[in-house]
């Protein structure tokens, strides 16, 4: 299929997304997944579940919510430094690299909470 026929059917513009728009959407997803991970983690801890990540567990046991937030802020900080090292067309990989594992953690946490209730 040539690019002319793709454009003829309007497919080229349907999926045409600016890099900046994609990156902004992914940073919003980072924020939502971060909040979701923190909230579901603490709900799980409140009902008797345990944090599986030993680094997060130590931070939470030692400093509570502040420890968890410092860990998350550190991850975002490293991501922002790495983002500045990439060419613009590759920058969306940085928020995707944060959002995907945190979203997975939210779903795992929700599953574990549902089993415990």
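The values are calculated or read from the model by the stated rules, or taken from the named source; none is laboratory data. Here the structure is a predicted model, which means the values were calculated and not measured. Heads up, the Cβs are rebuilt from the backbone with ideal geometry, glycines too, and the neighbour counts pull from every protein chain shown.
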query: Would you say residue 56 is exposed (fewer than 11 other Cβ atoms within 10 Å of the Cβ), under 30 Å from residue 112 (Cα atoms) and modelled with pLDDT of 95 or more?
result: no
- line: Scanning the range 66-90 for residues that are under 18 Å from the mean Cα position of the chain (by Cα) and either loosely packed, with under 14 Cβ neighbours inside 10 Å or outside any helix (DSSP H, G or I) (or both) gives 70, 73, 74, 77, 78, 80, 81, 82, 90
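Between 38, 43, 70, which is closer than 19 Å to residue 112 by Cβ, without any contact (Cβ under 8 Å) to a residue 40 or more places away in the chain and in contact with a helix residue (DSSP H, G or I) (Cβ under 9 Å, 6 or more places away or on another chain)?
Details: 43 fails: without any contact (Cβ under 8 Å) to a residue 40 or more places away in the chain; 70 fails: closer than 19 Å to residue 112 by Cβ.
Matching residue, one of 38, 43, 70: 38.
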